[in-house]
Amino acid sequence: MEVITIAVIIDSELCNGCGICVNYCPMDVIRMDEESQKAITKYLEDCMLCELCVPDCPTNAITVTPEKTAPLMVSWG
Ligand code: SF4
Ligand code: SF4
């Protein structure tokens, strides 16, 4: 069995706070941080890997990386 770990990485150095990605994400995974006025991720488990957020970022600040890993097998007895 494979486990998919989703990483949506937003480079805060590159993010200009335009908010385009927030409007494009259909799952509300990307929000604006009120303090920094930059995009941040919340509830990554809701991300459906559509990558709609990636091409529309004017500064290429977003990286979506699905990673498949084998779960840790534990046996006892
Ligand atoms: S689209 Fe890019 S630059 Fe604009 S808020 Fe999102 S991450 Fe930041
Ligand atoms: S890949 Fe799709 S669901 Fe995931 S953060 Fe980007 S726009 Fe939202």
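For the stretch 40-51, name all the residues that are crowded, with 17+ Cβ neighbours inside 10 Å and among the hydroxyl-bearing types (Ser, Thr, Tyr).
Thr41
Quickly run through the stretch 1-16 and pick out the residues that are within 6 Å of ligand 1 (Cβ to nearest atom) and either in a loop (DSSP other than H, G, I, E, B) or without any contact (Cβ under 8 Å) to a residue 40 or more places away in the chain (or both).
Cys15, Asn16 - these are the residues of the stretch 1-16 that are within 6 Å of ligand 1 (Cβ to nearest atom) and either in a loop (DSSP other than H, G, I, E, B) or without any contact (Cβ under 8 Å) to a residue 40 or more places away in the chain (or both).
Hey, does the stretch 17-28 have a residue that's under 22 Å from Ile4 (Cα atoms), within 10 Å of the chain's Cα centre (by Cα), more than 10 Å from ligand 1 (Cβ to nearest atom) and in a loop (DSSP other than H, G, I, E, B)?
no
Give the stretch 30-39 a look and list any residue that's in contact (Cβ under 8 Å) with a residue 24 or more places away in the chain and either surrounded by fewer than 13 Cβ atoms within 10 Å (Cβ to Cβ) or part of a loop (DSSP other than H, G, I, E, B) (or both), or say none.
Once the filter is applied, which keeps residues that are in contact (Cβ under 8 Å) with a residue 24 or more places away in the chain and either surrounded by fewer than 13 Cβ atoms within 10 Å (Cβ to Cβ) or part of a loop (DSSP other than H, G, I, E, B) (or both), the stretch 30-39 yields Ser36, Lys38.
Can you give me the number of residues within the stretch 1-29 that are surrounded by 12 or more Cβ atoms within 10 Å (Cβ to Cβ) and of a type in the set (Asp, Glu)?
Qualifying residue count for the region: 1.
Can you list residue pairs whose Cβ atoms sit under 8 Å apart, with the first residue in the stretch 52-65 being without any contact (Cβ under 8 Å) to a residue 12 or more places away in the chain and the second being polar (S, T, N, Q)? Count only pairs 6 or more apart in sequence or on different chains.
Partner pairs satisfying both residue conditions: Val54/Thr63.
Values in this text are rule-based calculations from the coordinates and carry no lab data. No experiment lies behind these values; they were computed from the predicted model shown. When we count neighbours, we look across all protein chains shown, and the Cβ atoms used for this are built from the backbone with ideal geometry, even at glycine.
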